[in-house]
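**Student:** After the structure tokens below, expect a handful of questions from me.
Read-outs throughout are calculated quantities, based only on the coordinates presented, and are distinct from any laboratory measurement. Since this is a predicted model, take the numbers as computed values, not measurements. Don't worry about glycine lacking a Cβ; one is built from the backbone with ideal geometry, like all the others, and counts go over all protein chains shown.
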């Protein structure tokens, strides 16, 4: 199985593995077992071994995994040496929180620009990121391929269409709307209220103890 054909569930776990391996490296650890990795990332050992098996022999039985080797491998696999610039569309409370955090503090993703319709926000900078008028999106977006969408649900579809027309290929959607987009656009929906409701449901009906 080639790298671009690995299961989507495995692909979603790769950044989790990478983050923990970075922590191990900073602690001076040279190797890690699948059991230790399992305890840290809360993924069972069998799943970790299966995930890693898609990429060939990454470890040795009885030895575990070499942290430096794994870190280098996943850095290359996840393109961590390539800076990915992202546009944020919608600078409300959630959008502003993203700008204050900005992903560059942790990896290779950086919010390079933001867009909003609020006259009080347009032309300002939040944590060094300039906020442009949403009307200027087509002019300012340049070659950015990824966008974070935190606009009101009522304008989510229209905004997505504009982003698609400008060549955006991936959208992280934080609006409640299940937005429509061309088939070549990959959209990841993240509804915080739904996730919170699901958590409460599981706490009530599937207690851990």
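**Student:** Between 120, 82, 161, find the one with the highest GNM mean-square fluctuation for the chain; connect C-alpha pairs within less than 10 Å.
**Tutor:** Residue with maximal mean-square fluctuation among 120, 82, 161: 120.
**Student:** If you consider only alpha-carbon coordinates, what radius of gyration and Dmax does the range 3-76 have, in Å?
**Tutor:** Cα radius of gyration and Dmax of the range 3-76 are 11.3, 33 Å respectively.
**Student:** Zone of residue 118 (label point 7 Å along Cα→Cβ, backbone N under 14 Å): which residues in the range 72-101?
**Tutor:** 89-100
**Student:** Mean residue ellipticity at 222 nm from the helices of the chain, using -39,500 (n - 2.57) per DSSP H segment of n ≥ 4 over the full residue count, to the nearest 500 deg cm²/dmol?
**Tutor:** Numbers: 8 runs with 84 residues, N = 209.
Mean residue ellipticity, 222 nm, calculated: -12000 deg cm²/dmol.
**Student:** Tell me, in nm to one decimal, what length is gained between residue 199 and residue 158 on full extension, where the rule is 0.36 nm per residue of separation less the Cα-Cα distance?
**Tutor:** 11.6 nm
**Student:** Averaging sequence separations of C-alpha pairs under 8 Å and six or more residues apart, then dividing by the length of the chain, give the relative contact order as a whole percent. Provide the component values of the computation, followed by the final result.
**Tutor:** Details: 267 pairs, mean separation 27.1, N = 209.
Contact order relative to length: 13 percent.
**Student:** Further question on the same structure: Cut-off 10 angstrom, C-alpha nodes, Gaussian network model of the chain. Which of 90, 72, 28 fluctuates the most?
**Tutor:** With Cα springs under 10 Å in the chain, the top fluctuation among 90, 72, 28 is at 28.
**Student:** Quick one: check the C-alpha center-to-center distance for the range 105-147 versus the range 151-186, whole angstrom.
**Tutor:** Using only Cα atoms to place each centre, the spacing works out to 16 Å.
**Student:** Counting DSSP beta bridges in the chain, what percent are antiparallel, to the nearest 5? Don't skip to the end; give the middle numbers.
**Tutor:** Values: 6 of 27 bridges.
Restricted to the chain, the bridges split so that about 20 percent are antiparallel.
**Student:** Restricting things to Cα coordinates, could you compute the convex hull volume per residue of the range 63-209 in Å³?
**Tutor:** 173 Å³
**Student:** If the elastic network links every pair of Cα atoms under 10 Å, which of 119, 176, 15 fluctuates the most in the Gaussian network model of the chain?
**Tutor:** Ranking 119, 176, 15 by mean-square fluctuation puts 119 first.
**Student:** Moving on. Rounded to the nearest 5, what is the percent of antiparallel bridges among the DSSP beta bridges in the range 84-194?
**Tutor:** Antiparallel bridges make up about 10 percent of those DSSP assigns within the range 84-194.
**Student:** Another question about this same structure. Could you check the spin-label model distance between residue 189 and residue 109? Points 7 Å from the Cα along Cα→Cβ, value in nm.
**Tutor:** So the two model labels end up 1.9 nm from each other.
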